[in-house]
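Notes follow once the structure below has been shown.
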Amino acid sequence: MDLDIVFLGTSASVPTAQRAPTALVVRRGGDRLLFDCGEGTQRQLLRSSVGLVELREVFVSHFHADHYLGLPGMLKTFALRGRELPLTVYGPPGLKELFASLRRIFGKLTYPLELVELHPGDVLEREEYNLVTFPVAHGVNSLGYALVEHPRPGRFDVETADALGVPSGPERGLLQAGEAIELADGRTITPDEVLGPARPGRRIVLAGDTAPSPSVREAARGAEVLVHEATFLEEERDRARETAHSTALEAAELAREAEVALLALTHLSNRYFGPEVAREARTIFPETVVPKDFDVIDVPFPERGSPQLVKGGVARRREEQVPEAEVVP
């Protein structure tokens with residue numbers, strides 16, 4: 001099952017010519033989950049090879065403007081396109097009050113919109129993974145999100161299956177899926193006879209805006225990827241404290257303590273460039289990357305390798321760009 005993180009906006013509160021405000025998409029199989037929706041997110045989607053897909057779920061970390069200002073325009077665009085598919089927006093308490101004001105902007109929609117307020121510790125169960133919320137330290141109602149896959153069956157022992165007389169074909173698939181089978185001679189073979197120990201699923205953790213926090217460290221423990229803000233460098237630690245943000249060095253210390261496989265730093269102030277942010281963090285935690293807009297982090301299963309940054313992984317090449325189409329209300 002493919003799993004990756006698409007970075008659509010990696011700037012802090014002020015956009016730059018190279019970086020849009022906060023937004024990213026987690027893609028798992030056919031699922032497309034948008035986390036935060038800063039100003040211009042729908043245009044970032046259109047500029048990428050992802051496109052403006054009919055997202056089913058949007059997750060807002062908190063209600064500072066650089067994390068939700070892109071929502072009214074995107075919701076309106078979906079309506080202008082005649083969308084009928086329901087959309088659910090999740091966020092901390094205050095979400096419904098915020099949308100009572102935003103409705104004056106986007107008006108009547110052509111599709112059902114559900115608003116769900118979440119609290120730290122809430123779990124959204126999916127067929128093969130859970131979305132777990134956790135508290136962060138940002139001075140306002142804020143949530144971090146962790147995508148935690150369910151454990152996977154252990155490795156199939158072909159030699160043992162051969163010795164037990166399990167024929168090649170559907171029977172082995174059933175055993176791998178956790179079901180017992182009956183052989184032609186009447187013997188019952190159970191999955192534990194041919195499968196090794198269960199293997200953990202993958203975990204990616206999206207901390208949102210936060211000062212260094214024990215709750216983030218615990219949520220990220222052993223994660224394949226931690227996406228953490230680095231609004232400031234260490235020279236501005238006092239400013240980070242005042243605004244409930246983190247420095248690159250603090251994020252690196254947290255990633256080291258949590259033993260994550262890869263740290264991705266985002267939410268960069270426009271006073272810094274990516275390489276200097278990466279240099280500071282790597283003095284503590286070498287496995288650090290600083291994604292740009294349209295970069296992707298591929299998250300394979302551990303036995304298939306480590307998470308990898310793919311530069312420009314969803315950037316449209318010039319020959320792929322499509323002419324603009326006029327949308328008529």
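Counting only protein heavy atoms and a probe of 1.4 Å, the accessible surface of the stretch 84-231 is 52% carbon and sulfur. Note on the chain: dipole from Cβ charges, positive end direction compared against Thr160, Leu109, Gly144; the farthest Cα belongs to Leu109.
Once both axes come from the Cα atoms, what is the angle between helix 95-106 and the longest principal axis of the chain, in degrees from 0 to 90, rounded to 10? It is inclined by approximately 60 degrees. Per atom type, the stretch 240-279 shows carbon and sulfur on 48% of its accessible surface, probed at 1.4 Å.
Given a cut-off of 25 Å, what percent of all Cα-Cα pairs of the stretch 173-283 lie beyond it? Everything past 25 Å amounts to 40 percent.
On average over all directions, what projected area in square nanometres does the stretch 1-78 have, based on the convex hull of its Cα atoms?
Numbers: hull surface 19.7 nm².
For the Cα atoms of the stretch 1-78, the hull's average projected area reads 4.9 nm².
Applying the Karplus relation 6.51 cos²θ - 1.76 cosθ + 1.60 with θ = phi - 60° to the stretch 211-227 yields 3J(HN,Hα) values of 6, x, 9, x, 5, 5, 4, 5, 5, 8, 4, x, 5, 5, 9, 10, 9 Hz, where x marks Gly and Pro. Taking Cα atoms only, the orientation of helix 71-80 departs from the longest principal axis of the chain by about 70 degrees.
In this calculation the C-beta distance from Arg155 to Arg221 is compared with R0 = 25 Å, giving a FRET efficiency of 0.55.
Considering Cα pairs under 8 angstrom that are at least six residues apart, work out the relative contact order of the chain and quote it in whole percent. Write down the numbers at each step before the final one.
Values: 739 pairs, mean separation 54.0, N = 329.
Taking the mean separation of contacting Cα pairs over the length of the chain, I get 16 percent.
What is the antiparallel percent of DSSP beta bridges lying wholly in the chain, to the nearest 5? Bridges in the chain that DSSP calls antiparallel: roughly 60 percent.
For the stretch 252-291, state which GluC sites (Glu not before Pro) are in a DSSP loop and have at most 12 other beta carbons lying within 10 Å of their beta carbon. Mind dumping the intermediate values first?
Working: sites: Glu253, Glu257, Glu259, Glu276, Glu280, Glu287; in loops: Glu259, Glu287.
Sites meeting the loop and neighbour criteria: Glu259.
Largest GNM mean-square fluctuation across Ser168, Ser215, Ser142, computed for the chain with C-alpha springs under 10 Å, falls on Ser168.
Binning the C-alpha pair distances of the chain at 10 Å intervals from 0 yields a P(r) profile of 6, 24, 30, 20, 12, 6, 2, 0 %, listed from the shortest bin outward.
Below 8 Å between Cα atoms, with a sequence gap of 6+, how large is the relative contact order for the stretch 135-247 in percent?
Relative contact order of the stretch 135-247: 32 percent.
Of Leu164, Leu131, Leu33, the residue with the greatest mean-square motion in the GNM of the chain, using alpha carbon springs below 10 Å, is Leu164.
Given +1 at the Cβ of Lys and Arg, -1 at the Cβ of Asp and Glu and no other charges, the dipole of the chain around its Cα centre is 1200 debye to the nearest 20.
Using 0.36 nm times the number of residues separating Arg304 and Glu259, minus their current alpha carbon distance, what extension gain do you get? Before the final figure, lay out the partial values.
Numbers: separation 45, 0.36 × 45 = 16.20 nm, distance 1.87 nm.
14.3 nm is the gain from fully extending Arg304 to Glu259.
Note on exposure: Tyr129, Tyr68 ranked by accessible area (1.4 Å probe, complete protein assembly) read Tyr68, Tyr129, with the most exposed listed first. From helices alone, the chain scores -6500 deg cm²/dmol at 222 nm; the rule is -39500 (n - 2.57) for each run of n ≥ 4 DSSP H residues, then divide by the residue total.
Of the candidates Val58, Val148, Val140, which one comes out as most mobile in a Gaussian network treatment of the chain with C-alpha springs shorter than 10 Å? So, out of Val58, Val148, Val140, the one fluctuating most is Val140. Annotation note: GluC sites (Glu not before Pro) in the stretch 1-84 located in DSSP loop regions with a Cβ neighbour count of at most 16 within 10 Å are Glu54, Glu84.
In nm², what is the average projected area of the convex hull enclosing the Cα atoms of the stretch 187-242? It would help to have the intermediate numbers written out before the result.
Working: hull surface 22.3 nm².
Result: 5.6 nm².
The residues of the chain present an accessible area of 48 Å² per residue when probed at 1.4 Å with all protein chains retained.
Write down Rg/Rh for the stretch 87-156, rounded to two decimals, with Rg from the C-alpha atoms and Rh from the Kirkwood relation over Cα pairs. Walk me through the numbers before you get to the answer.
Values: Rg = 16.1 Å, Rh = 14.4 Å.
Rg/Rh for the stretch 87-156 comes to 1.12.
For Lys292, a cut-off of 28 angstrom between C-alpha atoms picks up these lysines, skipping any fewer than 8 places away in its own chain: Lys76, Lys311.
Charges were assigned to the Cβ only: +1 to each Lys and Arg, -1 to each Asp and Glu. The resulting dipole of the stretch 196-329 about its Cα centre is roughly 400 debye. Relative to the dominant Cα principal axis of the chain, helix 248-258 is inclined by about 20°.
The values are calculated or read from the model by the stated rules, or taken from the named source; none is laboratory data. Everything numeric in this text was worked out from a predicted model, so none of it was measured. Glycine gets a Cβ as well: all are built from the backbone with ideal geometry, and neighbour counts include every protein chain shown. Note: areas computed on protein heavy atoms with side chains; ligands, DNA, RNA excluded. Shrake-Rupley method; radii C 1.70, N 1.55, O 1.52, S 1.80 Å.
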